[in-house]
Amino acid sequence: MTPSRLDFDTILRWCIVVTAGVVAAFILVNSTHSGIAKAPLFVLGALLIVTVVVLRAVLERQVNFPVSTIHLLVALHVPLVLASAYLSFDPVYTPDALAFALACIVFFFAGAGAFPSTLNIRFLFGCLEWITVALCIVGAAQFFFPENLPLVFYLGASHRVPSLLGNSASFSSFLIVVVPVVLARAAEPGISRAQSRFHVAVLAAAVALLVSTQTRSSIAGWFVSVAAFAAMTLRFKKIAKGLAFTLVTVAGILVVLTFVVPRFGARVTQTFNKGPQSTLARRLYFWEAGGKAFVASPLVGHGIGSFERTVFTYRSPDYWEAASEDVVPHAHNEVLEIAVEYGLCGLILSLAVIVLLMKKGISYTRSASGWDRLAAAGLVSSVIGIAVDNLANVTLREPPVALIVWLFLGLLASPALSLRPSRRFAVRLPLPNIAALIPLVVAVLIAMV
């Protein structure tokens, strides 16, 4: 019996959820091994998704391709990254960067195809909320009881909630991505009082821990994302309910500020200092080097994964005066990093996808109602918030944030959030069932490499 499309979509959804949960679990593990594991697990999850899709195509004897401008533009990323890798191949940097980029594209198409209804999106949001609950519990334990845990977590002198090697950016960016999801769940009409209280409690915990990370770009991104969500939904909701969510959020912030406001205030002030400890001063060296690298190769860039080696050539010889890192693997600005690695070709392609998806999502929120509107608003707000964060951060180049963001972009392109039926064309594959073993064997061989 040939498995139905619904069965395969269910398998794909669980592959996505399990990958997201496993990869996200590593952002709070404070060891060098977490950095080694996150990206390979992300890539293996993408490989599993591709295997399931190919297996379905073989068993159903046909493959369906979506027809839209957005899908075409994202598909063009495949030859872009392959050409970029070929033209600038480096055995140290290129393979991992290429695998990561292809995995991101896979998760876009998985989001665009495996969630055909907003009920499926609600399932995904629920899973992400429970993942958030688990991470918040661990984050709170790290913050309040670091001395009593079996693992040694580095909080540093400022007592920031850590993630990888004491770096709070991965955790804070993850929270930016999921806060609009929890907001959408909390605002859903028809839920019980107990469910509403649970969502609000998760929201308050997430915001409290976000502030406790003291990651300034993430907090700025959170403010913008919440403002975007309110602009798209609040006018359609009861004022009292919206006010209640606002008060709970502010209360959570105040609770955390009671513990961290002196340190957080010092960090905000430190941002704009002219002294060597200013993080802005250090980033200016990254951005200056990136700008010079882009001017040197504006059309096609320097190649995928090239920023770390490129910055050595173009950075100022006085970078050490700002106590900057000697090795700079990221530009601390996603737009600049895309420009350096892919040039105008990649930058225009990426911006076109984002603009079209944001336009589509906002247009849908104006026409839809109930949960459909909230789901779309949550996705759009999440992308806006992480975009603001990554004007001074690097987490779109790291799982699990990249995984979730590309998945959300796919959801915005999915039939579930479309005002008109999606067009597809099918290609027949007259293959015997025994051919289904081929993608399984190939997947195992690739995973073993």
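The values are calculated or read from the model by the stated rules, or taken from the named source; none is laboratory data. Because the structure is predicted, anything quoted here is derived from the model rather than measured. Glycine also receives a Cβ, built like all others from the backbone with ideal geometry; neighbour counts cover every protein chain displayed. Accessible surface is based on the protein model in full, side chains and every heavy atom, while ligands, DNA and RNA are left aside. Shrake-Rupley method; radii C 1.70, N 1.55, O 1.52, S 1.80 Å.
Quick look at the values:
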{"read-out": "Test result for Ala112, closer than 27 Å to Lys360 by Cβ, of a type in the set (A, V, I, L, M) and assigned to a helix (DSSP H, G or I)", "value": "yes"}
{"read-out": "Ala220, sole failed condition from (1) in contact with a Ser or Thr (Cβ under 9 Å, 6 or more places away or on another chain); (2) touching a residue at least 60 places away in the same chain (Cβ under 8 Å)", "value": "(1)"}
{"read-out": "Subset of segment 34-72 [open to solvent by less than 40 Å² (accessible area, probe 1.4 Å), more than 19 Å from the chain's Cα centre (by Cα) and aliphatic (A, V, I, L, M)]", "value": "Val52, Leu55, Ala57, Val58, Leu59, Val63"}
{"read-out": "Filtered residue count, segment 295-319, keeping only those that are buried (at least 23 other Cβ atoms within 10 Å of the Cβ) and either hydrophobic (A, V, I, L, M, F, W, C) or part of a helix (DSSP H, G or I) (or both)", "value": "4"}
{"read-out": "In segment 205-217, residue surrounded by the fewest Cβ atoms within 10 Å (Cβ to Cβ) [restricted to those that are within 17 Å of Asn333 (Cα to Cα) and touching a Ser or Thr at 6+ places or on another chain (Cβ under 8 Å)]", "value": "Arg216"}
{"read-out": "Scope segment 128-159; condition among the hydrophobic types (A, V, I, L, M, F, W, C) and either exposed (fewer than 14 other Cβ atoms within 10 Å of the Cβ) or modelled with pLDDT of 90 or more (or both); matching residues", "value": "Leu128, Trp130, Ile131, Val133, Ala134, Ile137, Phe144, Phe145, Leu149, Leu151, Val152, Ala157"}
{"read-out": "Residue in segment 13-29 that is under 30 Å from Leu210 (Cα atoms), at pLDDT below 95 and not in a helix (DSSP H, G or I) present", "value": "yes"}
{"read-out": "Among residues of segment 397-449, those that are loosely packed, with under 11 Cβ neighbours inside 10 Å, in a helix (DSSP H, G or I) and not aliphatic (A, V, I, L, M), counted", "value": "1"}
{"read-out": "Residue list for segment 162-201, filter: open to solvent by 10 Å² or more (accessible area, probe 1.4 Å), among the hydrophobic types (A, V, I, L, M, F, W, C) and at pLDDT 85 or above", "value": "Leu183, Ile191, Ala194, Phe198, Val200, Ala201"}
{"read-out": "Any hit, segment 225-239, residues being modelled with pLDDT under 55 and assigned to a helix (DSSP H, G or I)", "value": "yes"}
{"read-out": "Selected residue [within 9 Å of the chain's Cα centre (by Cα) and of a type outside the set (Asp, Glu)] from Val388, Val401", "value": "Val401"}
{"read-out": "Within segment 361-382, tally of residues that are at negative phi and either surrounded by fewer than 24 Cβ atoms within 10 Å (Cβ to Cβ) or not aliphatic (A, V, I, L, M) (or both)", "value": "15"}
{"read-out": "Residues satisfying the stated conditions in segment 109-127, i.e. open to solvent by 30 Å² or more (accessible area, probe 1.4 Å) and of a type in the set (Phe, Trp, Tyr)", "value": "Phe109, Phe123"}
{"read-out": "Every pair of residues 6+ apart whose Cβ atoms lie under 9 Å, when the first sits in segment 135-147 and is under 11 Å from Leu209 (Cβ atoms) and part of a helix (DSSP H, G or I) while the second is at pLDDT 75 or above and open to solvent by 30 Å² or more (accessible area, probe 1.4 Å)", "value": "Leu135/Ala25; Cys136/Ala205; Ile137/Ala205; Val138/Ala25; Gly139/Ala205; Ala140/Ala205"}
{"read-out": "Residues located in segment 320-359, provided they are more than 15 Å from Leu73 (Cβ to Cβ), modelled with pLDDT of 80 or more, open to solvent by 20 Å² or more (accessible area, probe 1.4 Å) and not hydrophobic (A, V, I, L, M, F, W, C)", "value": "His332, Asn333, Glu334"}
{"read-out": "Leu98 open to solvent by 60 Å² or more (accessible area, probe 1.4 Å) and either under 20 Å from Ala402 (Cα atoms) or in contact with a strand residue (DSSP E or B) (Cβ under 7 Å, 6 or more places away or on another chain) (or both)", "value": "no"}
